[in-house]
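Data block below; observations after.
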Ligand code: FAD
Ligand code: UDP
């Protein structure tokens, strides 16, 4: 065993960014990763000349210039703009909710007509404070859109009634009175040409960093804690403490990937299935993230099925409701008392529904705290 300064647990975006910055400062870093590949959930792999997003559609978007410039060191980004389409029982609606959606839904043509319709629909929530996702959605956009484009998708995605879900989940979705299908409001957006894996590969490519895949921290937790002066842990914080305060909740997913012998299967990178009956939430067709690049007679699609999480499953989403956030806080207290040589980071370590740009920001914040 060399004289490492850090053990980084997890070769995802948080762990890799920390390792890269530590090595830049002359520190020796060991990275362990339980999967058989690096890059965590942003992992992409080339099949038929197409970059396949192995863990679901990943679109980089941010309004943080520093983060955008930072990530551009490691890849060149294309001009991909996310504009998913919703399929509700065979009817196609543009997302996010904008003039195209309103026009398809109600036959309205102007922002004034759309606003009048939305206001009429919102009446049922007039004067009431939305207490859950259903009420939030209706007060934002009205019942028609809620029933057709939100309710089924959301209840599948989270495995709970919309009346039991926190309102904040839906506040992520923009509502616009212009004919603009850009899903995000951010200043910068794109997909790295050639995929995401190269970003993490470049970050970890240093003489000062050793990476081992197929290694689970919990197989030798005590030894790692003894051997390494400092640990950066990007797995589940409740698992780190052997769930001693109780389990945090997560949502899992199952991905079903298929090669099709057609050049263009669905005409868009992302189609959401917003009815309750279709068991998957979305189908992604990977080649459209790079404007059709790859084999012209083949395409790769992935259906995304939401799933309950049980110990041992992949914890794709933290469920940031009040109960879980309170429990997470108690775990951070435990971390301060019992594990002051461990930095908990990333979507699982910080138990936050982070996007990639937020993970980069969180990792750079941890780096500043550690070194500056
Ligand atoms: P992870 O990528 O989860 O990395 C953690 C790593 O630690 C994993 O590789 C894991 O195997 C490893 N690990 C865990 N426990 C152990 C252990 N005990 N021992 C060893 N290794 C361990 N963000 C966007 O910005 N845009 C998007 O469009 C977008 N779409 C998404 C779609 C889906 C379906 C999902 C699930 C997420 C999406 N995200 C998106 C979020 C993005 O994936 C995350 O922000 C980012 O990947 C989190 O990085 P991380 O390093 O925190 O976690
Ligand atoms: N959502 C919806 N209908 C859609 C897409 C999203 O109701 O067609 C809701 C759903 O509750 C989802 C939330 O909006 O959980 C956030 O969607 P986003 O696409 O940002 O989620 P992610 O890509 O993180 O899964």
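One quarter of the convex hull surface, Cα atoms only: what value does that give for the stretch 30-125 in nm²?
Answer in nm², one decimal: 11.9.
Would you mind telling me which residue in 31, 175, 200 has the biggest mean-square fluctuation in a Gaussian network model of the chain, where springs connect alpha carbons within a distance under 10 angstrom?
In this elastic network of the chain, the residue with the biggest mean-square fluctuation among 31, 175, 200 is 175.
Please give the peptides 70-76, 143-149 ranked by average Cβ packing (other Cβ atoms within 10 Å per residue), highest first, as a rough proxy for protection.
Ranked from most to least packed, the peptides come out as 143-149, 70-76.
Using 17 Å as the cut-off for backbone N distance, which residues of the stretch 224-242 belong to the label zone defined by a point 7 Å from the Cα of residue 212 along Cα→Cβ?
Under cut-off, by backbone N: 224-234.
Translational diffusion coefficient of the chain at 25 °C, 0.890 mPa s, Stokes-Einstein with Kirkwood Rh over Cα pairs, in µm²/s as a whole number.
Using the Kirkwood radius from Cα pairs, D works out to 111 µm²/s.
Taking 0.36 nm per intervening residue step and subtracting the Cα-Cα distance, what contour gain separates residue 116 from residue 219 on full extension?
31.0 nm
Cα axis of helix 356-371 to longest principal axis of the chain: angle in degrees, 0 to 90, nearest 10?
30 degrees
Run the simple label-point estimate for residue 180 and residue 128 please: 7 Å along Cα→C-beta, distance reported in nm.
3.2 nm
Hey, in the GNM for the chain with a 10 angstrom Cα cutoff, which one of 290, 164, 129 fluctuates hardest?
129
Cα centroids of the stretch 302-361 and the stretch 50-85: how far apart, whole angstrom?
Between the Cα centre of the stretch 302-361 and that of the stretch 50-85, the gap is 22 Å.
Along Cα→Cβ, 7 Å out, is where each label goes; now give me the distance between the ones at residue 268 and residue 48 in nm to one decimal.
About 2.1 nm separates the two model spin labels.
Which order do the peptides 106-112, 278-284 take when ranked by the mean count of other beta-carbon atoms within 10 Å per residue, highest first?
Most protected by this proxy first, the peptides run 278-284, 106-112.
Kindly rank 326-334, 41-49 from highest to lowest mean number of other beta carbons found within 10 Å of each residue.
Ranked from most to least packed, the peptides come out as 41-49, 326-334.
Over the chain, what is the relative contact order in whole percent, taking alpha-carbon pairs under 8 Å and six or more residues apart?
The value is 26 percent.
Relative contact order for the stretch 122-246: what is it in percent, counting Cα pairs under 8 Å that are at least 6 residues apart?
RCO, the stretch 122-246: 17 percent.
For the residue pair residue 241 and residue 254, what label-to-label distance in nm results when each label sits 7 Å from Cα along the Cα-to-beta-carbon direction?
Going from the residue 241 label point to the residue 254 one covers 3.3 nm.
Quickly estimate the mean residue ellipticity at 222 nm for the chain, helices only: each DSSP H run with n ≥ 4 gives -39500 (n - 2.57), and the total goes over all residues, rounded to 500.
About -9000 deg cm²/dmol.
Quick check: from the Cα gyration tensor, does the stretch 306-372 come out rounded (a/c under 1.5), prolate or oblate?
Oblate, since a/c reaches 1.5 and b/c is not below a/b.
Values quoted throughout were computed directly from the atomic coordinates according to the rules given, and no laboratory measurement underlies them. Fair warning: this is a prediction, and the values are worked out from it, not measured in the lab. Neighbour counts run over all protein chains shown; Cβ positions are idealised from the backbone, glycine included.
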